[in-house]
Structure formats: C-alpha cells, structure tokens
1. So, in nm, how far is label ASP38 from label GLN77 when the simple model puts each one 7 Å beyond its Cα toward the Cβ?
2. Sort SER118, SER128 by heavy-atom solvent-accessible area, probe 1.4 angstrom, most to least.
3. Starting at the first residue of the range 37-42, write each ³J(HN,Hα) from the Karplus equation 6.51 cos²θ - 1.76 cosθ + 1.60 with θ = phi - 60°, in whole Hz, x for Gly and Pro.
4. Would you mind computing, in nm to one decimal, how far apart the modelled labels at ASP13 and ALA86 are, each placed 7 Å from Cα along Cα→Cβ?
5. Using modelled amide H (1.01 Å from N, peptide plane; none on Pro or chain starts), what sits under 5 Å from the amide H of TRP30, excluding residues fewer than 5 places away?
6. If you take every residue apart from ALA95 with its C-beta less than 12 Å away from the C-beta of ALA95, what net charge results, scoring Lys and Arg +1 and Asp and Glu -1?
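The values are calculated or read from the model by the stated rules, or taken from the named source; none is laboratory data. Values in this document were obtained by computation on a predicted structure and should not be read as measured data. No Cβ is skipped: glycine too gets one built from the backbone with ideal geometry, and neighbour counts run over all protein chains shown. We work out accessible area using only protein heavy atoms, side chains counted, and drop any ligands, DNA or RNA first. Shrake-Rupley method; radii C 1.70, N 1.55, O 1.52, S 1.80 Å.
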Amino acid sequence: MAPAPGSTASTTDNFQLVGKVKGSHSRVLWGISWSHDDALLATGARDNLVKIWRAPAANADPSQSSAGAEAQAQLQQPLLTLPAFASPVTALAFAECGVQGLTSVPGQGSSGSSASGSNYLLAVGLESGEISLWEIRAQGEGA
C-alpha cells in the first residue's frame with residue numbers, strides 16, 4: 001500500500017543498500033563521480049586524495065550471502081589512489097565517453113593507452129583553482 005500524499009512514511013521495497021565504506025577518506029568528501037559506464041566511482045576529499053572504486057554489481061544484495069559479500073568486498077579497498085594533491089580536492093567529473101587511444105595530456109607528456117582494460121578520463125578540481133586531467137586505466141574484468 002502506498003503512503004498517503006504528504007506522508008513521510010517510506011518503504012524499503014523501493015531501495016536497498018548495496019554497499020558502504022566507513023573511513024574511506026580521512027577528511028570530508030567534496031566530490032563523487034560515476035564513470036560513463038557506471039563501472040567506477042571516484043571520490044575526492046579535503047585530505048587531498050582521489051580514490052577510484054570498482055562499483056558493486058547493481059543486483060547485489062548485501063543481505064544475501066555471496067552477492068552481498070562480493071559487493072561489500074569491492075568497496076572495502078579502492079581500486080587505486082591517485083598521488084596526493086597539493087590542496088584539497090573539491091570537484092570530480094568523468095568524461096562522458098571512454099578514452100580511445102589517448103596519447104598525451106597537455107603539460108603531462110605521453111601516457112599511452114592500455115592494451116587491456118578500459119580507459120577513462122577524469123577531471124579533478126582543487127581548492128587552489130587548479131584543474132588536472134587524469135587517464136585512468138582500469139584493469140581486469142568488469143571495468
């Protein structure tokens with residue numbers, strides 16, 4: 001039965017928690033961005049770090065033994081952490097499409113492209129006003 005209009009009652013039939021991480025950063029999170037294909041999640045914080053996480057499967061239910069354990073395990077450790085920035089990270093955005101053969105980023109030299117896995121382009125904005133572009137090469141299945 002649906003809640004009456006104006007009611008604050010809710011039902012868990014419409015949503016479910018698929019994973020969470022406590023203490024993922026040591027300071028407040030100021031930016032979170034999903035990759036264009038929903039495979040990766042980037043988080044940026046006042047601790048000057050950007051962490052890349054593999055997204056849990058959309059149908060994972062943490063209350064069910066194997067699927068929930070796998071989804072939670074994916075979120076326990078970041079897939080990778082970018083080198084620490086000189087100031088807090090305040091904004092993140094993945095490019096709308098994957099990177100095909102990106103060979104250089106202005107001011108950063110040649111980066112090449114990954115032979116296996118998927119490539120992503122992530123923009124990182126800092127409190128200092130600096131913007132940097134990072135090619136993320138996600139290795140392995142599911143990315």
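1. Spacing of the two 7 Å Cα→Cβ label points: 2.7 nm.
2. Result of the area sort, largest leading: SER128, SER118.
3. Computed from phi, the couplings for the range 37-42 are 9, 6, 7, 10, 10, 9 Hz.
4. 5.6 nm
5. The list, which skips near neighbours in sequence, is GLY44, ALA45, ARG46.
6. Surrounding charge for ALA95 is -3.
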